[in-house]
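Beneath this line is the structure, given in structure tokens, with notes to follow.
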Amino acid sequence: MFIDCVYKALRTPKEIQKTLEILTEADMLSGDSSVIQLYEKNLSYYFNTKHAIAVSSGTAALHASLLTVIEPGDEVLVPAICVPMTVSAILQAGGIPVFYDSSINSFKPCLKDFNDKITAKTRVLITVSMWGYRAIDSDIVGTCRQKNITIIEDAAQSTGTDSLLGYEGTIGDIGCFSTHEFKLISTGEGGFILTNSDEYAEKIRSFTHIGFSQHHGSFGYTDGLNYKLSAFQAAVGIAQLASLDIKIQGREKRKAKWKILLQQSKYIDFLNSDVMSRHNCYSLVCLLNENVKYTGKELANKLYTLGINTDTYRYKNAIVSNYPYCKVFYTQPKYSGNNNIDFPNASNLVRRMLVLPCHERVSIEAIHKASQNIINLLDGA
């Protein structure tokens, strides 16, 4: 593959040296290390939130956050376009996933469908900012406040995406992030949670620290699991956070190059970032127009044979309710069973979407070559 969405994160010699220096000063290497405290302090400062809690994965972040908010049997609204791991966290917390449609050409909720799906059992709205694109705005926040629905942002792919409302993952009640190898802050495995709520922070921290109670100074007062991050990973995270803005600038250049080259095709449009916002350029979402005989998935399959691996190929662009273990919740009478009817906007977006990587391992030369391959395939169609 000369273009691959799967990659090893770049770590500069300066970052590695900084990591070693931090670990040398550590009082211990467990999840209770002084390094963890420094990492969480830096996260809170960067994202301008009251609390940051480092955890072992983005899924752990979602699971712990949901457990603080819902009771078994509560309904959790989740977008039709998301990764299945988001739904897994709901199920592990005892919730019932309820799938909602997106807005037109957006990952934000369709407010009409969102409102139609609310019942007396609805407790949480999860937004998922896929490929770094925004998934929340003031209308969504206002609706949830009015209906007493807690907002949990799955911001796993949107670290650094910013708008007038703040960073993605800081606009709702709780923000959940991943620091997996492919993310903009990469600690190999890991994640963190952001919130301004003292109550949520205390409950989440207790659960992710094996039920340790700060108030009682001991265990056994509440349930919990060991979702702590190690000092090794936190030290890497500190160094990665310091270079986040520089990393986004590099991705912006790659995204711009993709767009300059691909806009030569009359068959390609682009999913727009909102005005007055910064997209972290996790990936570029291209939209094939209606005159193309290929779907995004069909084009991605052809590109894969030419050495271009995209998230469209890797994830198959499935509506999440179609995954085997989600289908039990995608049933009548709530749904017709037809994605085009139940999620018309999301289905249209999935059908037209081609997702191209913008990470540091993608060279400008490779973008030139891949863009020509894409244009040749479309023109030949």
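Please treat every number below as a calculation from the coordinates, not as lab data. Quantities reported herein were computed from a predicted structural model and do not represent experimental measurements. Glycine also receives a Cβ, built like all others from the backbone with ideal geometry; neighbour counts cover every protein chain displayed.
One compactness figure for the stretch 113-248 is 1.16, namely its Cα radius of gyration divided by 2.2 N^0.38 Å.
Cβ crowding within 10 Å, taken as a proxy for footprinting-reagent exposure, orders VAL76, VAL141 from fewest neighbours to most as VAL141, VAL76. Once you reduce the stretch 157-195 and the stretch 223-298 to the center of their Cα atoms, the two points are 13 Å from each other. Distances between placed amide hydrogens fall under 5 Å for SER163 paired with GLU168, ARG278, all partners being 5 or more residues away or on another chain. In the chain, helices alone account for a calculated mean residue ellipticity at 222 nm of -12000 deg cm²/dmol, with every DSSP H run of four or more residues adding -39,500 (n - 2.57). Number of Lys-Lys pairs in the stretch 245-380 with C-alpha atoms under 16 Å apart and a separation of 8 or more places or on different chains: 10.
Between ARG134 and ASP274, the built amide H atoms are under 5 Å apart, and every one of these is 5 or more places off in sequence or on another chain. Of all the options VAL328, VAL87, VAL78, the one that moves most in a Gaussian network model of the chain with Cα springs shorter than 10 angstrom is VAL328.
Fraction of C-alpha pairs exceeding 12 angstrom in the stretch 68-107: 57 percent, rounded to a whole number. Here the simple spin-label model places points 7 Å from the Cα toward Cβ, and for GLN37 and PHE270 these points are separated by 4.5 nm. Semi-axes of the equivalent ellipsoid of the stretch 245-380 are 28, 18, 14 Å, computed as sqrt(5λ) over the eigenvalues of the C-alpha gyration tensor in descending order.
Within the chain, antiparallel bridges make up roughly 55 percent of the DSSP beta bridges whose residues both belong there. In plain terms, if you count all Cα to Cα distances in the stretch 3-242 and split them into 10 Å steps from zero, the share in each step is 8, 33, 35, 19, 5, 0 percent.
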